[in-house]
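Data block below; observations after.
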Amino acid sequence: MLRKNLVSLLMVAFTYFAGFSIVSAEEVASLDADAALANAQSVEVDEAVSRQKFRSLDEDVQSLKKEVLDLNRDLFLLEEELLFPANSQVAFFISLDVGEYFELDSVNLKIDGKDVANYLYTDREAKALLRGGVHRVHMGNLKVGEHELVAIFTGEGPHIRDYRRGATMNFNKGIGAKYLELEISDRAKKQQPEFVIQEWE
């Protein structure tokens, strides 16, 4: 009889603990799922924060680049003002209105007998001039008074022959900046290029 009661008691205890362990396993599985979800949400939040920080850093870099470019431009202008004051400044520009009778290779400038510029043009630069571009070939300082400019142009002329031509101009340098344009154009009547030096008003 005692043995029978003991067996019954053991069966009840076993059933109780088995049920307890089953519940505990379910609870553990539920806790693991909650932890995994919380971990995934934490990772997403971290990624969002990282993206925001990266975006903010990129904006800061772009802003800094713009400030550097602006500063570089201001320094360039300041340097020009210091090196070439408006009262003594003189600048020479090249422009082209040709295509049939002349292809520019180089230009040499002399002021009062002294070489001040000797520029060799690349194909790309020459094409840019043909499309309407203007090139500042020289900037310098001159005293007030009379001066002589001699410009020598070399390139390919009519009938695909080497061509060298000069143009001369006497000009008066007053107080204030002076700008001179060396214009090369086609002269259809003579089938020759024309070289003209003129002042900008």
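Some points to look at:
- Residues of the stretch 109-127 that turn out to be at pLDDT 90 or above and over 21 Å from Lys143 (Cα atoms), as a count: 7
The rows are residues; the columns are (1) part of a loop (DSSP other than H, G, I, E, B); (2) within 38 Å of the chain's Cα centre (by Cα).
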site: Tyr163; (1), (2): no, yes
site: Gly166; (1), (2): no, yes
site: Asn170; (1), (2): no, no
site: Gly176; (1), (2): yes, yes
site: Ile184; (1), (2): no, yes
site: Glu194; (1), (2): no, yes
site: Gln198; (1), (2): no, yes
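- Any chance Tyr101 is modelled with pLDDT of 75 or more, outside any helix (DSSP H, G or I) and closer than 30 Å to Arg164 by Cα: no
- Residue match in the stretch 102-113 (condition: among the hydrophobic types (A, V, I, L, M, F, W, C) and in contact with a His (Cβ under 7 Å, 6 or more places away or on another chain)): yes
- From the list Val134, Val107, the lone residue that is surrounded by fewer than 16 Cβ atoms within 10 Å (Cβ to Cβ), in contact with a Phe, Trp or Tyr (Cβ under 8 Å, 6 or more places away or on another chain) and either under 12 Å from Ile94 (Cα atoms) or touching a residue at least 12 places away in the same chain (Cβ under 8 Å) (or both) is Val134.
- Scope the stretch 148-177; condition of a type in the set (A, V, I, L, M, F, W, C), surrounded by 12 or more Cβ atoms within 10 Å (Cβ to Cβ) and over 19 Å from Asp115 (Cα atoms); matching residues: Ala177
Condition check ((1) under 27 Å from Gln89 (Cα atoms); (2) without any contact (Cβ under 8 Å) to a residue 12 or more places away in the chain; (3) of a type outside the set (A, V, I, L, M, F, W, C)) across all residues:
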position	(1), (2), (3)
Tyr163	no, no, yes
Gly166	yes, no, yes
Gly176	yes, no, yes
Leu180	yes, no, no
Gln192	no, no, yes
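- Across the stretch 88-130, the qualifying residues are those that are out of contact with any strand residue (DSSP E or B) (no Cβ under 9 Å at 6 or more places or on another chain) and not β-branched (Val, Ile, Thr), and the one among them that is farthest from Thr154 (Cα to Cα) is Lys114.
- Filter pass, Gln198 being of a type in the set (S, T, N, Q), in contact (Cβ under 8 Å) with a residue 60 or more places away in the chain and either in the same structural domain as Ile94 (by TED's automatic domain parsing) or within 21 Å of Tyr101 (Cβ to Cβ) (or both): no
The values are calculated or read from the model by the stated rules, or taken from the named source; none is laboratory data. Nothing here was measured: the structure is a model prediction, and the numbers come from that model. All Cβ positions, glycine included, derive from the backbone under ideal geometry; neighbour counts span all protein chains shown.
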